[in-house]
1. Ranked highest first by the average count of other Cβ atoms within 10 Å around their residues, in what order do 94-100, 30-36 fall?
2. Which whole DSSP H helices in the chain pass both tests: a Cα extent of 15 Å or more along the axis and a mean Kyte-Doolittle value no lower than -0.5?
3. For segment 78-133, just say rounded, prolate or oblate: build the C-alpha gyration tensor, square-root its eigenvalues into a ≥ b ≥ c, call rounded for a/c under 1.5, and beyond that prolate if a/b exceeds b/c, oblate if not.
4. Give the accessible surface of the chain per residue, rounded to a whole number of Å², with probe radius 1.4 Å and ligands, DNA and RNA excluded.
5. For the ranges 248-254, 178-184, 131-137, what's the packing order if you count other beta-carbon atoms within 10 Å of each residue, average per peptide, and put the highest first?
6. Rolling a 1.4 angstrom probe over the protein chains, ignoring ligands and nucleic acids, what is the accessible area of residue 3 in square angstrom, nearest 10?
7. Mean-square fluctuation check for the chain, GNM, Cα pairs under 10 Å: which of 296, 235, 340 is largest?
8. First compute the accessible area of segment 33-95 with a 1.4 Å probe, then give the percent of it belonging to carbon and sulfur atoms.
Amino acid sequence: MLYTNAHLVSPGFEIENGFLEVEDGLIKSLGPMSEVREGKEVDLEGNALLPGFIDLHAHGAGGADVCDASIEALDTIAQKKILEGVTTWLPTTLTLPHQQLVEVFEVVKEWAPSAPLSVPGIHLEGPFINREQVGAQNPEFVRLPDIEELKALHAIFPISIISLAPELEGAIELITVARKLGIVVSAAHSNASHTEISAAMSAGLTHLTHYANAMTPLHHREIGMVGAGLLEDGLKLEVIADGIHSSDDFLRLLLKVVPLERLMLITDSMAAAWQGDGDCKLGGLDVTIQDGIARLQDGTLAGSTLRFMDGFLRIAELSGRALHELVAMTSFNQAKSLGLTDRGVLEVGKRADLYVIEVATESTF
């Protein structure tokens, strides 16, 4: 397939009037239209062609949740993710009893080989989190880090990321084991101090989950996890760019003070994404969606209804920076963090995971 008259946007470069050739699922060639070859052509009419997005953290969409533990639910979520431009997804779990997590992992294992997008692993969010920062996770099932439980789940289907509270008893030991297993470790739902984050980084911690949410805030006498995210070059930050989990001013601050290579857009979407307002469940907890905002009965934010493309557009509007810089936040940074060297950039030999944006409908472009 030959895509022509495309605005190619990739980390490090843009070609306003270009072509991209695909063969056997890989990028065969690309460049300006002056160098185009003959082939079965799809004219993109000036629309933008980007690397497909990587959503590291999404629980559900379209009324379905990963923890429904069904093929039908996973198919529903995947189809919605594809519409958002996502071509690689980590199905994300909740804090649940061990046996329920086993069932989720077994279903993902069965489904992933034929999934309509790439599923390299699972994001295990919880159950090893701090009850004082439980957020929308179910406190009934919170427990201390358990290395044997981690190994058992990882043996069923790969865990790509585990999100945990690093200050808990046994957390440092589990982080060390997780890194040896090739699992990326992220801090989440935690009361950790900067000192405790530093200790966890020494053991292998590299991410902060849904940055600035359910973690210790920035204070001038103890900078906490939020401060660690601003200060520590070794931390990559998951960013929910919906203007709710982080205000537009906070997003502007991040874009100003944190290098783009440390920022990774996520949705943290739950079942209500792509749905209207109403009531639903999240990990056994009652959730109400009003004006597109999901909250527990006590007002706690309960994941998002964000669509990945909308988050990227918001970042583009807030930053005013070049698209070839910002696009790294959608896939390249995520791929690098996970060790996925075959995607996240428009380059010969890489996977042809692609997303087209209609320029006429997106004033940002």
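1. 94-100, 30-36
2. 71-83, 98-111, 308-319
3. oblate
4. Accessible area per residue: 40 Å².
5. 131-137, 178-184, 248-254
6. Surface accessible to solvent at residue 3 totals approximately 50 Å².
7. Looking only at 296, 235, 340, the largest GNM fluctuation is found for 340.
8. 45
The values are calculated or read from the model by the stated rules, or taken from the named source; none is laboratory data. This structure is a prediction, so every number in the text was calculated from the model and none was measured. Positions of Cβ are generated from backbone atoms using ideal geometry, with glycine treated the same way; all protein chains shown enter the neighbour counts. Ligands, DNA and RNA are stripped out before the accessible areas are found, and what is left, the full protein with its side chains, is counted by its heavy atoms. Shrake-Rupley method; radii C 1.70, N 1.55, O 1.52, S 1.80 Å.
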